[in-house]
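Here the structure is laid out as structure tokens; the discussion comes afterwards.
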There are 2 protein chains.
Amino acid sequence: MTFHSSRSIGVDDRGLQYGDGLFETVAVRDGRPLLWDRHLARLLDGCARLAIRLSDPRPLTAEVDARAREAGAGVLKLILTRGAGGRGYGYAPDMTPTIVLTRHPLPDYPAANREQGVAVRWCAMRLSRQPRLAGLKHLNRLEQVLARAEWAQEYAEGLMLDTAGNVIEGTMSNLFVRHGYGWSTPDLGQCGVAGVMRGAVLDLAARLGIEVAIRDLTQEEVMAANGLFLTNSLIGLWPVRELAGRALTVCDTTRRLQEALNAAGYLA
Amino acid sequence: MTFHSSRSIGVDDRGLQYGDGLFETVAVRDGRPLLWDRHLARLLDGCARLAIRLSDPRPLTAEVDARAREAGAGVLKLILTRGAGGRGYGYAPDMTPTIVLTRHPLPDYPAANREQGVAVRWCAMRLSRQPRLAGLKHLNRLEQVLARAEWAQEYAEGLMLDTAGNVIEGTMSNLFVRHGYGWSTPDLGQCGVAGVMRGAVLDLAARLGIEVAIRDLTQEEVMAANGLFLTNSLIGLWPVRELAGRALTVCDTTRRLQEALNAAGYLA
């Protein structure tokens, strides 16, 4: 693998040419990359599914650890591409992946987002269904770019349906929904990003005896929810206090999960 | 706009970060960029649909002309991204697009491809349906990368269906199909790239009185065709002599269209 500490990348890199790669956005706190094992597992799953040859991940982990120690706190963004070379979709099987690691400050989200919750809208932009790419955090993100362009700052997030009408996720977050006392989160078998924080919440919920069904959800079902929250690696867990003009209350289970994430040291 | 004549691009460019951009692959002959008006029209359509602010395309045309004169013959690849900056899907409306122009030799396809025709296979990889991106030559190309990885060199091209079962295109080319004496080419309203050479062939066909229907086509229909050819800017027009083991003959209309493209000066 090739680490790019420089601020530039070759124009012949397949990351630029075709979005032929993956990324991870890692929160850093106290000099440690939070949930790194989960980030790495998703990255390796992506490499396997895209046939990107990352033979030994240990130097990557060592580099991420070192950068996190340097940074202390903030965000490490990791981009891993198939590598540089050629023109045309075909690639040599022995290409050397390119790895770009960049440091960023934590986004300055209001503390109220985590405490009182956020207002959320529906996006008109739909996600296409592609099982071969579903779950991965790959570099083909035009759908998210177009969805995020639908509003300025009035909402903290926009929820997206797929072209079949299932609610999948927010533009940058995953979604948990409560009906009565039962929780569910969208199935990501056809599209969507399997968020690292989503995985952490599912595991913590199981440990706390909170059942969460992974299933298809319609827009009507989500509008009828009596509880809703969003997750990602940087925001942690944001309760939703308003969905498309409808007020929602933040329930005890949401608070319990937030506290469990905090106690586990998963929150930036 | 920012022209990159250097061989590198900032890692914060949204072309790398999200595939947030477009590209064109332009054949050059006798110092001229072939079908440039059509390439530019598709690029501008893409900019409009992705809200990429390319205010005045004249400097771009001037630059492409100059590079084509320099090159004499070969390929100019143009990548246009939304520009550099930030982390996150949102973007500032006044971003300056990045333009990368690179020179490449013409691929050394055997002359037999154009003369006797090519052998073609079916890809297992399907295209997802996304009307907001359909027709554009954008930088989100993982589906083509995965499809092209299904075979090595035994076939000149692989044909792709979408997830609904419609035949859409080849991994790098468009498709024209003949039944009896009638021609058709897939509708690209849900996915696929609206190739510049496809557009040129449609216009030439109309001028020659050859009707071509733009419509949905099933795999069974394409397997039952009595004529088939592929188009793109670099290959021009390749007749298909074998589709998934089934022999096809090259019909007179295909030859007439090939000659018309040649006479129009569209072939590299």
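The values are calculated or read from the model by the stated rules, or taken from the named source; none is laboratory data. Please read all numbers here as calculations on a predicted model, not as lab measurements. Here the Cβ is made from the backbone with ideal geometry for all residues, glycine too, and neighbour counts use every protein chain on show. We work out accessible area using only protein heavy atoms, side chains counted, and drop any ligands, DNA or RNA first. Shrake-Rupley method; radii C 1.70, N 1.55, O 1.52, S 1.80 Å.
Test each condition in (1) farther than 21 Å from B:LEU217 by Cβ; (2) at pLDDT below 95 for B:TYR181 and report the one that comes out false.
The single condition B:TYR181 does not satisfy is (1).
Taking B:ILE168 as meeting all but one of (1) touching a Pro at 6+ places or on another chain (Cβ under 6 Å); (2) open to solvent by 10 Å² or more (accessible area, probe 1.4 Å), write down the number of the exception.
With (1) touching a Pro at 6+ places or on another chain (Cβ under 6 Å); (2) open to solvent by 10 Å² or more (accessible area, probe 1.4 Å) applied to B:ILE168, the lone miss is (2).
Can you name every residue in the range B:216-268 that is closer than 22 Å to B:ALA206 by Cα, open to solvent by 10 Å² or more (accessible area, probe 1.4 Å), in a loop (DSSP other than H, G, I, E, B) and β-branched (Val, Ile, Thr)?
B:VAL250
Identify all residues within the range B:30-87 that are in contact with a Leu (Cβ under 6 Å, 6 or more places away or on another chain) and under 30 Å from A:PRO107 (Cβ atoms); write none if there are none.
Across the range B:30-87, the qualifying residues are B:GLY46, B:CYS47, B:LEU80.
Between a first residue in the range B:75-100 that is more than 9 Å from every other protein chain (Cβ to nearest Cβ) and open to solvent by less than 30 Å² (accessible area, probe 1.4 Å) and a second residue that is among the basic types (Lys, Arg) and assigned to a loop (DSSP other than H, G, I, E, B), which pairs have beta carbons less than 6 Å apart while being 6 or more apart in sequence or on different chains?
B:MET95/B:ARG82
Here's the yes/no breakdown for (1) closer than 20 Å to A:ALA92 by Cα; (2) assigned to a strand (DSSP E or B); (3) touching a helix residue (DSSP H, G or I) at 6+ places or on another chain (Cβ under 6 Å):
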| position | (1), (2), (3) |
| --- | --- |
| B:VAL120 | no, yes, no |
| B:MET125 | yes, no, yes |
| B:ALA164 | no, no, no |
| B:GLU169 | no, yes, no |
| B:LEU175 | no, yes, no |
| B:MET197 | no, no, no |
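Scan B:GLY72, B:GLY10 and give me the residue that is open to solvent by 10 Å² or more (accessible area, probe 1.4 Å), farther than 27 Å from B:GLY189 by Cα and within 12 Å of another protein chain (Cβ to nearest Cβ).
B:GLY10
When you go through A:LEU127, A:LEU159 one by one, which is the residue that is at the interface with chain B (Cβ under 10 Å from one of its Cβ atoms) and crowded, with 23+ Cβ neighbours inside 10 Å?
One residue alone meets the criteria, A:LEU127.
Which condition number does B:GLU154 fail, the rest of (1) touching a Leu at 6+ places or on another chain (Cβ under 7 Å); (2) acidic (Asp, Glu); (3) farther than 30 Å from A:VAL145 by Cβ being met?
(1)
Filter the range B:34-59 down to residues that are in contact (Cβ under 8 Å) with a residue 60 or more places away in the chain and either within 14 Å of another protein chain (Cβ to nearest Cβ) or open to solvent by 60 Å² or more (accessible area, probe 1.4 Å) (or both), then give me how many there are.
5
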